[in-house]
Amino acid sequence: MTSEVLDLLVKNARLPGGGDALSDIAISGGIITEIGPLIEIDARAIVDARRNLVTPSYVNAHLHLCKVWTLPMMSEAAIEAYHAKGMSEAAKAIDLAAAVKANYDASWIIPNARRAMALAALHGNLHIRGFADVDSKARLEGVKALIAVREEFRGIVDLQVVAFAQDGLIREPGTEALMREAMAMGADVVGGIPWIEANAADAEAHIKFCFDLAAEFDTDISMLLDDVGDASMKTLEAMAREALARGYQGQALAHHCRAMALYPDDYLGELMPLLRQARISVVSDPHTGPLHARVRELLAGGVNVCLGQDDISDAYYPFGRNNMPEVAFLASHLLWMTREKEIATLYEMITTRAAEAMNLRNYGLKAGCAANLVVLDQPIVSEALRFHTPPAAVISHGRLVDAEKMRELAQPGHD
């Protein structure tokens, strides 16, 4: 530890798993330089945690950011279809939801996305994988908007922009060229949804195209898989096998996987070793649909699982505010994860497990990690989830986030 003045010093912090012991956290140059009791070094700014919990910042691995606050533009037909008949009409819901894209324009998507990003900053959610639809209707308007917002919030909230073929590739001619253009524009991740295609052969072609494109641009992959109430849907298995064949272990992220709720136990037992081998993480959003991935079984089987916000006031879900402790609070009830150890796991699913799923570098709470932290107003995880209020302070890249400015940007109608 050098003797120079620190940029920031957090005092009197409880750390995850540390019980009642208190630590100080020294920060310089955007990096945690030391953690220990009673660090006596001058700092330009001091935050007193007041014996409350300090943890790594929250991570949202799944948000349809180009669609936030579009629900008032549509009828409720899509959400009715998505939730109907055991999710057997999920494909119909996607087609109905596509109506909003007839008027897609970056000029109004940017203010909506800015509002969502400001809410993320207020709630300590500093890492987002945000999806932008790419197809003949949306064109590249969502990608343009999210790239602009990514740059606006650089150094505050880190956004990975996903070029997402929401309406399919084979069933939506021209999308392959648009996807390649989106990646050339600067999108960070290739996004697919193979189950939406008409048959297994087309789904396989969809998967192969996404892997080809990701290899071409040296990016990770995110795919919405088996997001329907149909136990015969097995695009999760297909993606895992393709990841192994391509040497893409740990770089392909699986989202939703709701058909898993209907899988026979013996098939799930065969699937989990494949997921472990391919290092496939699963993002579950149990609050946005009647079915969800079998989270408890996946965790017990050694598969990494995290949580995502999924939607904010769009065709599929009327609520949401980029508050990941709120998402974990909802998941606790929906997944019946209510014991102390399970609550701790839920917190991991919005922090360390989600960071692993998104391949975040230098994430964590130790010397040498990036200084992206939340200083909570509660001493333990269960209380943090109980109240899911904004943190007392949010530290991004070693600097305090300007909460007043973020509250202003989060107001409806702010431009």
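The values are calculated or read from the model by the stated rules, or taken from the named source; none is laboratory data. Not measured: the values here are computed from a predicted model. Please note: Cβ atoms are built from the backbone with ideal geometry, for glycine as well, and neighbour counts cover all protein chains shown. Surface areas here come from the heavy atoms of the whole protein model, side chains and all, with no ligands, DNA or RNA. Shrake-Rupley method; radii C 1.70, N 1.55, O 1.52, S 1.80 Å.
Restricting to segment 388-404, count the residues that are in contact (Cβ under 8 Å) with a residue 12 or more places away in the chain and either open to solvent by 80 Å² or more (accessible area, probe 1.4 Å) or part of a loop (DSSP other than H, G, I, E, B) (or both).
Just the residues of segment 388-404 that are in contact (Cβ under 8 Å) with a residue 12 or more places away in the chain, to begin with: 388-401, 403.
Of the ones still in play, those that are also either open to solvent by 80 Å² or more (accessible area, probe 1.4 Å) or part of a loop (DSSP other than H, G, I, E, B) (or both) are 388-392, 397-401.
Final tally of qualifying residues: 10.
Consider segment 160-182. How many of its residues are open to solvent by 10 Å² or more (accessible area, probe 1.4 Å), under 20 Å from the mean Cα position of the chain (by Cα) and free of Cβ contacts under 8 Å to residues at least 60 places away in the same chain?
0
Name the residue, out of D218, D135, that is in contact with a Lys or Arg (Cβ under 9 Å, 6 or more places away or on another chain) and of a type outside the set (G, A, S). Before the answer, list the steps.
Working: D218 fails: in contact with a Lys or Arg (Cβ under 9 Å, 6 or more places away or on another chain).
Exactly one residue qualifies, and that residue is D135.
Can you tell which of S107, S88 is open to solvent by 10 Å² or more (accessible area, probe 1.4 Å) and within 30 Å of P412 (Cα to Cα)? Working first, answer last.
Details: S88 fails: within 30 Å of P412 (Cα to Cα).
When all the criteria are applied, what remains is S107.
Scan segment 53-85 residue by residue and report those that are open to solvent by 40 Å² or more (accessible area, probe 1.4 Å) and of a type in the set (D, E, K, R).
Passing the criteria: E76, E80, K85.
Kindly list, by first and then second residue, each pair from a residue in segment 2-16 that is at positive phi and open to solvent by less than 70 Å² (accessible area, probe 1.4 Å) to a residue that is at pLDDT 95 or above and part of a loop (DSSP other than H, G, I, E, B), limited to pairs with Cβ atoms under 8 Å and residues at least 6 apart or on different chains.
Between residues of segment 2-16 that are at positive phi and open to solvent by less than 70 Å² (accessible area, probe 1.4 Å) and residues that are at pLDDT 95 or above and part of a loop (DSSP other than H, G, I, E, B), the close pairs are N12/L22; N12/A49; N12/R50; N12/R51.
Among the listed residues A198, A187, A205, A231, which satisfies the condition of being in a helix (DSSP H, G or I) and either open to solvent by less than 10 Å² (accessible area, probe 1.4 Å) or among the aliphatic types (A, V, I, L, M) (or both)?
Numbers: A198 fails: in a helix (DSSP H, G or I); A187 fails: in a helix (DSSP H, G or I); A231 fails: in a helix (DSSP H, G or I).
Residue meeting the stated conditions: A205.
For segment 165-184, what are the residues that are under 14 Å from D212 (Cβ atoms), aliphatic (A, V, I, L, M) and outside any loop (DSSP other than H, G, I, E, B)?
A177, M179, M183
Can you tell me which residue within segment 252-276, out of those that are assigned to a loop (DSSP other than H, G, I, E, B) and crowded, with 22+ Cβ neighbours inside 10 Å, is farthest from the chain's Cα centre (by Cα)?
Keep residues of segment 252-276 that are assigned to a loop (DSSP other than H, G, I, E, B), which gives 257, 263-264.
Narrowing further to those that are crowded, with 22+ Cβ neighbours inside 10 Å: 257, 263.
Values: C257: 15, Y263: 25 Å.
Among residues in segment 252-276 that are assigned to a loop (DSSP other than H, G, I, E, B) and crowded, with 22+ Cβ neighbours inside 10 Å, the one farthest from the chain's Cα centre (by Cα) is Y263.
Restricting to helices (runs of 4 or more DSSP H) lying wholly in segment 46-127: which have 2 or more residues that are of a type in the set (D, E, K, R) and touching a Leu at 6+ places or on another chain (Cβ under 8 Å)? Talk me through it step by step, then tell me what you get.
On the way: elements: 77-83, 90-97, 106-122.
Helices (runs of 4 or more DSSP H) meeting the threshold: 106-122.
Pairs under 7 Å by beta carbon, first residue over 28 Å from E326 (Cα atoms) and of a type in the set (S, T, N, Q) in segment 261-288, partner in a helix (DSSP H, G or I) and open to solvent by 10 Å² or more (accessible area, probe 1.4 Å), six or more apart or different chains?
Pairs that qualify, where the first residue is over 28 Å from E326 (Cα atoms) and of a type in the set (S, T, N, Q) and the partner is in a helix (DSSP H, G or I) and open to solvent by 10 Å² or more (accessible area, probe 1.4 Å), are Q277/L244.
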